[in-house]
1. Divide the volume of the convex hull of the Cα atoms of region 125-193 by its number of residues and quote the answer in cubic angstrom per residue.
2. Just how far, in whole angstrom, is region 217-263 from region 28-43 if you go by their alpha carbon centroids?
3. Where in region 94-118 is the amide nitrogen less than 15 Å from a point lying 7 Å along the Cα-to-Cβ axis of Phe340?
4. How would you order 120-132, 172-184 from highest to lowest mean count of nearby Cβ atoms within 10 Å?
5. For region 290-344 and region 49-67, compute the distance between their C-alpha centroids and round to whole Å.
6. Could you name the lysines whose alpha carbon sits less than 25 Å from that of Lys70, not counting residues in the same chain fewer than 8 places away?
7. For Glu20, Glu286, what's the fewest-to-most ordering of other Cβ within 10 Å of each Cβ?
8. Give the relative contact order (percent, whole number) for the chain; include only Cα pairs under 8 Å separated by 6+ residues.
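Values in this text are rule-based calculations from the coordinates and carry no lab data. All figures in this text were calculated on a predicted structure; none of them were measured in a lab. Here the Cβ positions follow ideal geometry from the backbone for every residue, glycine too, while neighbour counts run over all protein chains shown.
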Amino acid sequence: MSNIENIERLEEFHKQALEELREAVQPDSLEQWRIRYLGSHGEVKALMQRLKDLPPDEKPAFGKRINEIKQELTREFQKAKGRRADVETTARKKSFDMTLPGAPVAIGHKHIITQTIEEIAEIFARMGFTVAYGPEVEDEWHIFDALNMPASHPARDPLDSFYITETVILRSETSNVQIRVMESQDPPVRIISPGRVYRPDTVDATHSFMFHQVEGLYVDEGVSMVDLKTHLDQFCKVYFGHEVATRFRPHFFPFTEPSAEVDISCHLCAGDREDCPICKGTGWIELGGCGMVDPNVLEAVGYDAEKYTGYAFGFGIERMVMRKYNIPDIRLLFENDVRFLRQF
Ligand code: DAH
């Protein structure tokens, strides 16, 4: 075969390869084309191997041309591959089905303490109580003096409260709201006040430097201990369950006279187990303090203590939640572990 014929054959081959590339429209036909023409055992390779059998004067032209063809086929193949990728992406985009369910989005919910505060407010609302809020950073008057705790009172010991300055305190109880509400309105008063309180306590299973209380205050003409006991007993039965009994133990608080501590019956052992981990065999769990508002407190806010009487109470919210849901450690409520919080 002459040089001319050999080159013509090459051109023929070139044309056919390009034509087949254009026709390679099936999903894997591009790859098949590549193997057939550019693969290590492909046709371009085979033509190159023929080079050594050609007469020396034909070699340069043939060699040059087959190299050019190889380069062009490689280039065209890359272009075709690029076009194919574009087509596939567009197809994928077009096939997006908006009726299919999407990836689920995690939906949060209220913390169990917030849920409990709302539940407490709702139960007391049925008894005519509204919700009041007061500051967590408080002055001495509202947290101590007006609550019948003069400067010498042991509860004012700096070891029992976080002092911000000598006269500004991070409140250790919600009782300051009693004073703020009474200063801002005349009787009758019927409020509860939930909120955060702070104490310099070492953190353990039942103590935290921050926890929540709910304060209650009812002042009107003729309010008596009967109202106090009835309302709190009613509340406990609605919140904890109707089988729950309450008891009032004499106690002392500076701002109430007489004062009591409120206990509810132990749900775990009903007093039958000496080693009960919840009530320690007493059959009762302490909920908080209460009492009849001390006349000194009514006078401090300018109320007529001859005309009005009132009751007040303060319960620990974490303690209520732990009792109701059998939570053994207060820290679980503050660690923000969603595996725990999701349960409520
Ligand atoms: N403030 C008290 C405490 O934190 C709880 C308390 C007791 C609140 C008696 C009251 C009350 O309103 O009347 O220990």
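1. Working: hull volume 6.2 nm³, N = 69.
It comes to 90 Å³ per residue, whole-number rounded.
2. If you average the Cα positions of each part, the centres end up 90 Å apart.
3. 111-114
4. Details: 120-132: 16.2, 172-184: 22.2.
Highest mean packing first, the order is 172-184, 120-132.
5. 99 Å
6. Lys15, Lys45, Lys52, Lys59, Lys79, Lys81
7. Numbers: Glu20 14, Glu286 17.
Starting with the residue having the fewest Cβ neighbours, the order is Glu20, Glu286.
8. Values: 482 pairs, mean separation 47.3, N = 344.
Relative contact order, the chain: 14 percent.
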